[in-house]
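The values are calculated or read from the model by the stated rules, or taken from the named source; none is laboratory data. Note that this is a predicted model, so its numbers are computed, not measured. Virtual Cβ from ideal backbone geometry, glycine too; neighbours counted across all protein chains shown.
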Amino acid sequence: MEIQTVTIIGQGNVATHYYNIMSEKGVKVKTVSSRLPFQSEDLQSDLIIIAVKDGAIEQVCNNLQARYPMLGTQNQILVHTSGYVSTDCLKKISGNYGSFYPLQTLKKGIAVDFSSVPLCTWANNGKSALKLENIAKKLSDIHYTLDDNQRKTLHLAAVFANNFPNHLFGIAKRILDKENVPFEVLFPLMDRTVQAAKANNPFDIQTGPAFRRETSIMEQHKQRLNETEKSIYDIISESIIKESK
């Protein structure tokens, strides 16, 4: 039997986007606050999704265990949406448990084409795994089955592919702002960098002063940076030099 009803515990970014896309796709879904006592009727769903910050997952699990010591006895599935928290925290509550991780930056109020969001699922048994896969494919065109270790590896890689570059973009904008140079002048270069990295091994297409060992230019660059920016510049430049030997 397919998943037809869903309860989402949490009302943050991921919870909101899941609620919106599931409602759009005809799934009967409701959200409940993780900060209020759960009502019995809130948990009468085929799928229960814990969509809260990583640090709050354990507390939600403890609250569920205190009132509902064993979910999943009626084919219910309990999952969380974390990229890095193990699913082991769910096994004490449910006989059917797993993960339902969206690999995308999701913010309330910012629309996203959910059909292009990779959904990564896993469950502790084949029947639950198939159900999660089917509902994932209803929401998105991209699905992967990843166990805990694979999902944690993906999450780590995503930090390097998304969070760190975004921080570097911020530094680049700040550098330009000092001289009233528009940030937009970098957009074609930023776009080209991503496209080239998708089509090649990024290490094989590296360019720049560090790659060319242009130490004089690098020293002049650092004179224009604050101490934190200098440290970042040095660490990344040293890594580029080592990888290009």
Residue count for segment 92-127, restricted to those that are surrounded by 21 or more Cβ atoms within 10 Å (Cβ to Cβ) and closer than 12 Å to Thr145 by Cβ: 9
Pairs with Cβ under 9 Å, 6+ apart, first in segment 41-61 and in the same structural domain as Gly95 (by TED's automatic domain parsing) and closer than 25 Å to Thr105 by Cβ, second among the acidic types (Asp, Glu) and surrounded by fewer than 22 Cβ atoms within 10 Å (Cβ to Cβ): Ile48/Asp42
Condition check for Ala172: without any contact (Cβ under 8 Å) to a residue 24 or more places away in the chain and either outside any helix (DSSP H, G or I) or under 15 Å from the mean Cα position of the chain (by Cα) (or both): no
Residue in segment 196-210 that is touching a residue at least 60 places away in the same chain (Cβ under 8 Å), within 30 Å of Tyr144 (Cβ to Cβ) and of a type outside the set (A, V, I, L, M, F, W, C) present: no
Subset tally (residues that are more than 21 Å from Ile171 (Cα to Cα) and of a type in the set (S, T, N, Q)) for segment 216-245: 2
Per-region count, segment 16-35, residues over 10 Å from Phe114 (Cβ atoms), buried (at least 19 other Cβ atoms within 10 Å of the Cβ) and either polar (S, T, N, Q) or under 20 Å from the mean Cα position of the chain (by Cα) (or both): 3
Tally of residues being buried (at least 16 other Cβ atoms within 10 Å of the Cβ) and in a loop (DSSP other than H, G, I, E, B) across segment 143-152: 1
His155 surrounded by 14 or more Cβ atoms within 10 Å (Cβ to Cβ), in contact with a strand residue (DSSP E or B) (Cβ under 9 Å, 6 or more places away or on another chain), in contact (Cβ under 8 Å) with a residue 60 or more places away in the chain and not hydrophobic (A, V, I, L, M, F, W, C): yes
Filtered residues of segment 189-218 (kept if under 16 Å from Ile236 (Cα atoms) and within 23 Å of the chain's Cα centre (by Cα)): Pro202
Residue match in segment 116-125 (condition: free of Cβ contacts under 8 Å to residues at least 24 places away in the same chain, in the same structural domain as Ser86 (by TED's automatic domain parsing), under 18 Å from Tyr19 (Cβ atoms) and part of a loop (DSSP other than H, G, I, E, B)): no
